[in-house]
Amino acid sequence: MVKKMLLEAWEAIQLPSFTSKSSSFWVGATYGILTFVLLVSGAAGFFSGYWFPPILRLFAGVLAGALAYVLSLGLAWLVLKIIKPVPTFVLLSLIGAVGALFVFRFFSFRWPSQVYQPTALIYLVTSGILGGSLAILLKNPHLTANKKRGATIATIISTILIIGGMIWVAQEGKDVYPIAFDRSAGITPLANLGIKNPSEAGKYRFEHFTYGSGTDQKRPAFAANVKFQSHSVDAQLLLPEWKGKKKKWRERYWGFGADAFPLNGRVWMPEGEGPFPLVLMVHGNHSMEDYSDEGYAYIGELLASQGNIAVSVDENFLNGTWSGDFRGKEMPARAWLLLKHLEQWSVWSRDANHLLYQKADLDQVILIGHSRGGEAVSIAAAFNELPFFPDNANAVFNFRFGIKGVIAIAPTDYRYNRQMQLQNINYLSLQGSYDADEASFFGLRQYHRVHFSDTTNYRFKAGIYIHGANHGQFNTTWDRTDFGAPYNWLLNTAPIIPRVAQEQAAKVFIGAFAQLVLRPQDGGGAYRSLFQHTATAGDWLAPGIYLGHFKDTKAHILADFESEIDLAKEPNGIWLKASHTKIWKEEQLLYRNNDKQGNNALILAWDYGDTLKTDSIASYQINFPDTLSRKAQELLVTVATGDPGLLKNKEGEMPDLDFRILLADTSGHIAHLTLSSVKKIAPQLKVRYTKIEQLDKGIFNNAWEITPETFSIPFSAFDQIAGFDPHAIEQIQFVFDKTKKGVVVLDEIGFSK
């Protein structure tokens, strides 16, 4: 009985020939469906990321697809044995195809269900119709005119659908929210003041070499080609998650485990005696087989030419792979490895017999990290001050290097279960608005956790939001798509700025940061205004929108809206008042996915309808003791366009925000200006990450998020009434009489020396 059923099943699932009694259409449809399944399974194998060569992955995918197809046919046969509306082999083929496509939905095509399922169904049916129609036309030469016409139309329509789908996948998308935004008013470019472009090569010649274990099985650059051999380090206490299949397959691939992580680095070192400041750069998470450390050469070459030793650190062995991702559990190890590299450089620099003797200045260190590396550098800066690993005190720390600055490029800020509070360190974060991997400016969370208790030495923190930049183009080994195929077929890449523009922005801001932090007395101090007003770098950057968040040790903040539940007051005798506003509240700002930004701000809204009446103009004022403004030279205020949805049931576009600022001294003398005369407030920077609007909303939620920008306004920019004393200011007033309606976000209002 069993043998008979198996024979029947085997006979049922045999693919038909065109000489069989079945209709040519159904036979062709079967082959069309099977072809589609094998194409999908082949693509799934090719893009799966397994370690063996792509052609083998393609072959394995096709083989696995055929196997899944046959197994699904066998199972389906048990259900459909007695169903005969169409030939059994057609039903079995269809169900087998559905089973195979379902398997590969999870194996490689990790598209959202709302996209994958209807797309697979449409093209499954389309492939069947195409195969069936072609079979009729090719195998039935004596068709009636009507049948021939019908088969021809079906062939054309299905072909158009298939080609159209291929074109849709291949095209980049479109710029759904183009913005023309000129903010050059009142800004003098630094180039006009004779200040050197920080992205230009400096005076130093440099050499390039690698150091490493000397035995790396996968990386020749860190094996026989190393100039200096480094020691390995035991990270088992830092990464207890190195176990199970992750341990098994990773050690088989790399040839080492967590007890012997190598210290591998690519170096760009200036020629000369030294010592030179030391800059470590570290990549983020990517397929571990697709090495990422090579992608920062453009930054390394720039920094070396300017007199710094630049090192791109290899931590690829901690990255995700087909056998699993540590999902952030490896963050302490990423950070700790950077400190072990500094330790290795310290050993070399103190060894009088070593060629690197006194080359590196370990009291002048900057850490640069990208993506997960961007979170790791902040963790490393915090670990640098600790005696023990906070998650396991058996790991003893003894670092205490002179880390002067941290640069986080498109960082994560949620992988490690601890939030780093950094003290008295310079900080910069860069973020692109079209970053589909880290879609929010998470670097601003760490920005708000950098504090300056020591104001005797100059320090600053800054955040730069680059509209149109993505995640991958900060690294030359990555590209315009922040996900691998086939997921990247869905991405809308047309609005992304060119790679050369994104790299140029990175070089300008990183170069300026390094100069300002490491050589403030040697011309670097001139770059402070670049972070205060990004438009001052206009001659050095590609045209675009660059929003800057800034605060330094010269700042004295009157109101930051963090500590009081009473909206009418702040500490130190500061009183607050709003008049004629529709909305007056303080709240936690949110990212586009409704995650918290880690910062409270003031929200004000007004709406005058058709008529602006002078006796009901909305305003907000801050009253404070005049002693708080003494020795000040600039007004500071952080501003952003708010959510227009807060003004419910209001038709029409929101006008570009603008308002006046009034300063009053103790004698009642006034100084005033319109904010746009200094710099225009950026509108909503909406983005579309994918080609499908509903998919975008489902994954990223909102098309925009509040991105505040700091305005540093010198008192000299105000129109001052005779007798006004800028050192005896006791009131700041914001008057919203430039637009009939608006929603504005204000934060960190104060003065700067």
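The values are calculated or read from the model by the stated rules, or taken from the named source; none is laboratory data. Nothing here was measured: the structure is a model prediction, and the numbers come from that model. Positions of Cβ are generated from backbone atoms using ideal geometry, with glycine treated the same way; all protein chains shown enter the neighbour counts.
Put simply, of GLY328, GLY374 the only residue that is of a type in the set (Gly, Ala, Ser), part of a loop (DSSP other than H, G, I, E, B) and within 27 Å of GLU438 (Cα to Cα) is GLY328. Might you let me know whether the stretch 603-620 holds any residue that is within 13 Å of ALA559 (Cα to Cα), in contact (Cβ under 8 Å) with a residue 40 or more places away in the chain and surrounded by fewer than 20 Cβ atoms within 10 Å (Cβ to Cβ)? No, because not a single residue in the stretch 603-620 is within 13 Å of ALA559 (Cα to Cα), in contact (Cβ under 8 Å) with a residue 40 or more places away in the chain and surrounded by fewer than 20 Cβ atoms within 10 Å (Cβ to Cβ).
Any residue that is part of a helix (DSSP H, G or I) and modelled with pLDDT under 70 - is there at least one of those in the stretch 90-104? The answer is yes; a qualifying residue exists. Note on the stretch 644-699: among residues that are among the polar types (S, T, N, Q) and without any contact (Cβ under 8 Å) to a residue 60 or more places away in the chain, the one that is surrounded by the fewest Cβ atoms within 10 Å (Cβ to Cβ) is ASN649. Would you confirm whether any residue within the stretch 222-230 is at pLDDT 95 or above, within 19 Å of ALA333 (Cβ to Cβ) and not small (Gly, Ala, Ser)? Yes: the stretch 222-230 contains one or more residues that are at pLDDT 95 or above, within 19 Å of ALA333 (Cβ to Cβ) and not small (Gly, Ala, Ser). Among the residues of the stretch 203-218, those that are at pLDDT below 95 and within 31 Å of the chain's Cα centre (by Cα) comprise ASP216, LYS218.
Of VAL267, VAL282, all but one fail to be surrounded by 18 or more Cβ atoms within 10 Å (Cβ to Cβ), modelled with pLDDT of 95 or more and more than 19 Å from the chain's Cα centre (by Cα); the exception is VAL267. Annotation note: of PHE561, PHE550, the sole residue that is touching a helix residue (DSSP H, G or I) at 6+ places or on another chain (Cβ under 7 Å) and touching a residue at least 12 places away in the same chain (Cβ under 8 Å) is PHE550. Looking at the stretch 500-511, is at least one residue among the aromatic types (Phe, Trp, Tyr) and more than 22 Å from LEU428 (Cα to Cα)? Taking every residue of the stretch 500-511 in turn, none turns out to be among the aromatic types (Phe, Trp, Tyr) and more than 22 Å from LEU428 (Cα to Cα).
Of the set (1) free of Cβ contacts under 8 Å to residues at least 40 places away in the same chain; (2) in a loop (DSSP other than H, G, I, E, B); (3) not basic (Lys, Arg), all apply to GLU587 but (2). Among the criteria (1) at pLDDT 95 or above; (2) more than 25 Å from LEU444 (Cβ to Cβ); (3) loosely packed, with under 15 Cβ neighbours inside 10 Å, the one PRO390 does not fulfil is (2). Restricting attention to the stretch 473-501, the residues that are of a type outside the set (Ser, Thr, Tyr), under 13 Å from the mean Cα position of the chain (by Cα) and surrounded by 19 or more Cβ atoms within 10 Å (Cβ to Cβ) total 7. Scanning the stretch 189-220 for residues that are surrounded by fewer than 19 Cβ atoms within 10 Å (Cβ to Cβ) and within 21 Å of VAL311 (Cβ to Cβ) yields ALA201, GLY202, LYS203, TYR204, ARG205, GLU207, HIS208, PHE209, GLY214, THR215, LYS218, PRO220. For the stretch 251-274, the criterion of a residue being in a loop (DSSP other than H, G, I, E, B), basic (Lys, Arg) and in the same structural domain as LYS404 (by TED's automatic domain parsing) is satisfied by no position.
Restricting attention to the stretch 633-647 and to residues that are part of a loop (DSSP other than H, G, I, E, B) and modelled with pLDDT of 90 or more, the residue that is farthest from LEU673 (Cα to Cα) turns out to be ASP643. Of the numbered criteria (1) crowded, with 16+ Cβ neighbours inside 10 Å; (2) under 32 Å from the mean Cα position of the chain (by Cα), the one GLU570 fails is (2). Only one entry in GLU343, GLU294 is assigned to a helix (DSSP H, G or I) and in contact (Cβ under 8 Å) with a residue 60 or more places away in the chain, namely GLU294. Taken across the stretch 130-142, residues that are modelled with pLDDT of 90 or more and in a loop (DSSP other than H, G, I, E, B) do not occur at all. Taken over the stretch 194-250, the criterion of being out of contact with any helix residue (DSSP H, G or I) (no Cβ under 8 Å at 6 or more places or on another chain) and assigned to a helix (DSSP H, G or I) is satisfied by PRO220, ALA221, PHE222, GLY244, LYS245, LYS246, LYS248, TRP249. Within the stretch 593-602, how many residues turn out to be crowded, with 18+ Cβ neighbours inside 10 Å and assigned to a loop (DSSP other than H, G, I, E, B)? Here the count works out to 0.
Looking only at the stretch 713-753, count how many residues are among the acidic types (Asp, Glu) and at pLDDT below 95. Residues in the stretch 713-753 being among the acidic types (Asp, Glu) and at pLDDT below 95: 4 in total.
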